[in-house]
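**Student:** Could you have a look at this structure, given as structure tokens, before my questions?
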Amino acid sequence: MSSRLASWAEVASIAGDALLIVNSTASEEAIAADVIERLGHSHTIYAIAPSSWVGWLATRGIPETRVIASCDQAGNELELNHFLESPAVLGWTGERAFGLVIGTAAHGRHNEEVKYVFEQRVAAFLRHGVFVAHALPLPELYMFDLAAVCHRLGRERRLAQYESRARDMVATCYALWEATGRPSHSDDMDRTDVMSAVRASMGDGIVQFDENAPVRLSPDMADGAAAAALVVRLGDTLVREIQVRDQAIRRLDGELKTRFRRTRQLLWRIVHE
């Protein structure tokens, strides 16, 4: 499987525990409850959620022991997407290897929407699991493996590339029109020059009126850039964690030196008094 339209019955057949990420607003409790109801009969559900949702989840069969709240070590609330890339989440999810990951917030019905930041965070810990994008209360949902999620993260780059190709095609056709004296109309049946411009920019499929033919882009480049962006994010997370630990080590080192110095002073007094 890479990516495909699916059903809730197929989601129920996915092996392993489910990770529910509560990325809904407070006004969307009904949709979040619907997701839990659909998963609860087939999966043990774990959750990552803002602290304000923890009690609500407990009333729906997901105890606090299976929930990690989006807070720092001091208990301060963190923005969810920021929390999802933290070492705490990466470690917690890595220990459990979830079979499926799903957010409570709905996606677009026709797979036209990419929640870019959220899905980039999910890709960091999806591993061999399945990301489920639902459109509740509508019935459509889509399933993606890690390769498909990374492909989705390249959608913005592919769109930019398509727009660039389209502008090039229009510019070439405009130059051809100018070269022929800017006629108000043309009865010339020889459209070789125009078709060549279209073919060069958009590929042979569009000239052959093949509606299913993809526009000729460079998907490997877009997907590679998306994967590179994900690696950079993970690298930044590791660097921040190392910096935090180094600061803690330096602080402890300073405290130990201070205590050692005071101990020596105390021993000196004991010996000489």
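Every read-out reported here was derived from the displayed coordinates using simple, explicitly stated rules and does not represent laboratory data. Since we're looking at a predicted model, the values are computed, not measured. No Cβ is skipped: glycine too gets one built from the backbone with ideal geometry, and neighbour counts run over all protein chains shown.
**Student:** Quick check on the stretch 3-152: of the DSSP beta bridges with both residues there, what percent are antiparallel, nearest 5%?
**Tutor:** Approximately 40 percent, going by the DSSP bridge assignments.
**Student:** From the phi angles alone, apply the Karplus equation (6.51, -1.76, 1.60; θ = phi - 60°) to the stretch 116-133 and give each ³J(HN,Hα) in whole Hz, x where the residue is Gly or Pro.
**Tutor:** Those phi angles translate into 4, 5, 4, 5, 5, 5, 4, 4, 5, 10, 5, 6, 9, x, 10, 8, 10, 10 Hz.
**Student:** Here is a further query. Is there a quick way to get the dipole size of the stretch 3-152? I mean about its Cα centre, with the Cβ of Lys and Arg at +1 and of Asp and Glu at -1; what is the value in debye to the nearest 20?
**Tutor:** About 300 debye.
**Student:** Could you give the C-alpha radius of gyration of the stretch 3-152 expressed as a fraction of 2.2 N^0.38 Å, taking N as the number of residues it contains?
**Tutor:** So the Cα radius of gyration is 0.96 times the expected 2.2 N^0.38 Å.
**Student:** Expressed as a whole number of Å, what is the distance separating the alpha-carbon centroids of the stretch 237-256 and the stretch 26-100?
**Tutor:** Using only Cα atoms, the two centres lie 28 Å from each other.
**Student:** A further question on this structure: Measure nothing but the geometry: give the 0 to 90° angle between the long axis through the Cα atoms of 155-179 and the longest principal axis through the Cα atoms of the chain, rounded to 10°.
**Tutor:** Roughly 30 degrees between the two axes.
**Student:** May I pose another question? Give me the mean projected area, in nm² to one decimal, of the convex hull enclosing the Cα positions of the chain.
**Tutor:** Answer in nm², one decimal: 24.3.
**Student:** Follow-up question, since we're still on this one. Only bridges whose two residues both fall in the chain count here: according to DSSP, what percent of them are antiparallel, nearest 5?
**Tutor:** 40
**Student:** Which listed residue (41, 122, 11) has the Cα farthest towards the positive end of the charge dipole for the chain, taking +1 on Lys and Arg C-beta and -1 on Asp and Glu C-beta about the Cα centre?
**Tutor:** Going by the Cα projections, it comes out as 122.
**Student:** Can you put 119, 77, 95 in order, fewest other beta carbons within 10 Å first?
**Tutor:** So the residues, fewest neighbours to most, are 95, 77, 119.
**Student:** Would you work out the charge dipole size for the chain about its Cα centre, treating the Cβ of every Lys and Arg as +1 and the Cβ of every Asp and Glu as -1, and quote it to the nearest 20 debye?
**Tutor:** 1660
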